[in-house]
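What follows is a set of notes on a single structure, which appears directly below.
A short reminder: the numbers here are calculations on the coordinates, not readings from a lab. No experiment lies behind these values; they were computed from the predicted model shown. With ideal geometry, Cβ positions are generated from the backbone for all residues, glycine too; neighbour counts draw on all protein chains shown.
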Amino acid sequence: AQSVTQLDSHVSVSEGTPVLLRCNYSSSYSPSLFWYVQHPNKGLQLLLKYTSAATLVKGINGFEAEFKKSETSFHLTKPSAHMSDAAEYFCVVSGAAGNTGKLIFGQGTTLQVKP
Amino acid sequence: ETGVTQTPRHLVMGMTNKKSLKCEQHLGHNAMYWYKQSAKKPLELMFVYNFKEQTENNSVPSRFSPECPNSSHLFLHLHTLQPEDSALYLCASSQVRGVLGETQYFGPGTRLLVL
């Protein structure tokens, strides 16, 4: 069975400092992994995705994530936080055999950015 | 208009009312989804349509009735809802269901309050 765990429910950073949102996954198969962002009262927007190509994935708005199979992790990072980055972030895994399209969502991490 | 749109954005209804949520995608996709997002819980997949055919129903109560007249439109008909059905209902679409690494694109959601 597949699962995803976001290790922090809430992360607070100061504007201009680095962001790290942690995600561990469990999968018996080669997974596809995604990060989505949800701003207040908005839908989910895709930040980036990993599908067995380069392990370092670059996304929109300066975010990137690194797939580490040995650690079963897919942490999201950004060198310098901006106020507009304050939102809810979801790590998502998919790719189980026979149900390759099903997305399994993490619980979400709320990112707070302080001035 | 581009992307995935949902109407209405907000809805308040009584337990005896009948209402419908509408989703439209302008991406040329063939798969559409309904998700429920409740506070403090991961996104829950409700229904999946692939080429207008319902392919998944994740044990959703019959008071929720989906309809997919064509690949661009998806409805969720609501009747005799319960207060615990209050949530954000998200619609998503993807090129086709079941492809490894497929990306789902989400609408802004309908915030539903059942009184």
Which percent, to the nearest 5, of DSSP beta bridges fully inside the protein assembly as shown are antiparallel? 90
Determine which aspartates and glutamates satisfy two conditions relative to residue A:58: a Cα distance under 12 Å, and not lying fewer than 8 residues away in the same chain. A:66
Mind checking the dipole of chain A: about its Cα centre, +1 per Lys or Arg Cβ, -1 per Asp or Glu Cβ, Debye to the nearest 20? 200
Checked against a 20 Å limit on the C-alpha separation, the offending pairs among A:42/A:102; A:102/B:22; A:78/A:114; A:102/B:52; A:68/B:36; B:19/B:40 are A:42/A:102; A:102/B:22; A:68/B:36; B:19/B:40
Using 0.36 nm times the number of residues separating residue A:46 and residue A:15, minus their current alpha carbon distance, what extension gain do you get? 8.9 nm
For the pair residue A:28/residue A:53, report the inter-label distance in nm, with labels modelled 7 Å from Cα in the Cβ direction. 2.9
Burial ordering of B:46, B:15, B:32, A:83, fewest other beta-carbon atoms within 10 Å first: A:83, B:15, B:46, B:32
